[in-house]
Amino acid sequence: MNENINRSALFNGSCFALITTAFTFSIRAGILPQLGEQFNLTDTQLGFINSMFFFGFPISMILGGLFYHTFGPKNIMRVAFIAHTIGIIMTIYAGGYTTLLLSTLFIGFGNGCTEAACNPMIADMYSGVKMDKMLNRFHMWFPGGIVLGSLISQFMTSLNLGWELQMWITMVPTVIYAFLFFGKAFPKPQVEEAASLGQNVRAMFTPTFLFIFFCMFLTAISEFGPNQWVSVIMAASGAEPMLILALTSGLMAVGRFFAGPVVRALGQTGVLLGGSILTAIGIYMFSVVTGPMAYVATVIFAIGICYFWPVMVGATAQRVPKSGALGMSIVGGAGMFSSAIFQPVIGSWIDSARAKNAAAGLTDNALELATGQDAMVKMLTFPAILIVLFLIFFFWQKNVKPKSEEGTPATA
């Protein structure tokens, strides 16, 4: 059915689309202080701008999951290209707070379209072990792209190059993926008879799915909270914020490459429990250390959050198999929606901490350091709750095998 598909071009296009997503995440994180300074924005306002990124993503991802088989991946990626282009150009020519809100919403929408189209498209092009291999290689490019984007942002900022020029860089992978997809035939969806919309919805009201759905809110913000605010929170710590982001993402990319042996050894529930513990340790260290020790905290934090996203989505597919592709889209959308909700909250934490520390007489670097550390202490709440929840999940699912080696899902 898909013999005449140019798998190489489609897969490479998918990777560049995910690099676009990574660039919009890392480069925008790098220019956040410049945006705040140029447009005289508070950290709470910057938090609302960040939240638009995470609002747009789940909206398009869920819509893509619902209509993938009728609208098709080619059309979804056309929408992604349009949304990315509008969002990037609107950011570059932004006139203030409102324009930045709208431009970030467009970028988030384009990023969600990428996830909604490329994941099932790759699954349609490959099967068995080959499919697992290619999906893992695809997902490597989010942290990998963040590393590249972070280093580019750090380099350009050190040369006093404006944030507008940095945003133009995000158009490079956007144009490349559009070129690779242009004129190509896309694979036809492979719809299993059992994966009806009605069955998907019923499966999403089971205890296991609801538990995973709730936990995804906390795993996502445990990852994206510190990462998205790194340039603000860690600016006075004595470590380079964008290098911290690059180190985090680099370790995540390597970790995901070796995810198979790790998950086989510890199991999904063991990986999630261990990850929540390491994440809590990493965030706690961020709240108390300075200088080179911040990089040690980064290593622990990166290992902690490394497997959260793919294992949560994998647990949905394997422990609630009847939820289908829609279930995976809903869980992924929940993660981004969580980040949208909590970004303004984190921004308000930073503003409150700065006001409190300023009232206590702190100024300059001492003020910013104390403010960042106070914010990290509050972010510690997320992985702390996860430790309890994943401990429950570990014993709850202890005797449940998610999927056999042959790929037949077990009952959960």
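The values are calculated or read from the model by the stated rules, or taken from the named source; none is laboratory data. Just so it is clear, the model here is predicted, and its values are computed rather than measured. Positions of Cβ are generated from backbone atoms using ideal geometry, with glycine treated the same way; all protein chains shown enter the neighbour counts. Just so you know, the surface numbers come from the protein's heavy atoms only, side chains and all, with ligands and any DNA or RNA stripped out. Shrake-Rupley method; radii C 1.70, N 1.55, O 1.52, S 1.80 Å.
Observations
- Residue check, ASN50 buried (at least 20 other Cβ atoms within 10 Å of the Cβ) and of a type outside the set (Phe, Trp, Tyr): yes
- Among the residues making up segment 355-385, those that are under 19 Å from TRP229 (Cβ atoms), touching a residue at least 40 places away in the same chain (Cβ under 8 Å) and open to solvent by 60 Å² or more (accessible area, probe 1.4 Å) are ASN365, VAL377.
- GLY267 within 16 Å of MET312 (Cβ to Cβ) and modelled with pLDDT under 90: yes
Listed here are the residues, each with its yes/no results for (1) in contact with a Gly (Cβ under 7 Å, 6 or more places away or on another chain); (2) surrounded by fewer than 20 Cβ atoms within 10 Å (Cβ to Cβ).
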| site | (1), (2) |
| --- | --- |
| GLY95 | no, yes |
| LEU100 | no, no |
| THR114 | no, no |
| ALA117 | yes, no |
| ILE122 | no, no |
| ARG137 | no, yes |
| TRP141 | no, no |
| SER153 | yes, no |
| LEU159 | no, yes |
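- Filtering segment 201-235 to residues that are without any contact (Cβ under 8 Å) to a residue 24 or more places away in the chain and not in a helix (DSSP H, G or I) leaves only PHE205.
- The set of residues in segment 286-309 that are surrounded by fewer than 17 Cβ atoms within 10 Å (Cβ to Cβ) and either within 22 Å of the chain's Cα centre (by Cα) or without any contact (Cβ under 8 Å) to a residue 60 or more places away in the chain (or both) comprises GLY291, PRO292, MET293, TYR295, VAL296, VAL299.
- Within segment 81-175, helices (runs of 4 or more DSSP H) holding 3 or more residues that are closer than 29 Å to PHE48 by Cβ and either at pLDDT 90 or above or out of contact with any Phe, Trp or Tyr (no Cβ under 7 Å at 6 or more places or on another chain) (or both): 97-125, 141-158, 163-169
- Exactly one residue out of GLY282, GLY238 is without any contact (Cβ under 8 Å) to a residue 60 or more places away in the chain and within 21 Å of ASN50 (Cβ to Cβ), and it is GLY282.
- Residues in segment 1-43 that are assigned to a helix (DSSP H, G or I) and among the charged types (D, E, K, R) were compared, and the one that is nearest to PRO120 (Cα to Cα) is ARG7.
- Scan of segment 199-242 for residues that are of a type in the set (Val, Ile, Thr), open to solvent by 20 Å² or more (accessible area, probe 1.4 Å) and at pLDDT 90 or above, ordered by number: THR206
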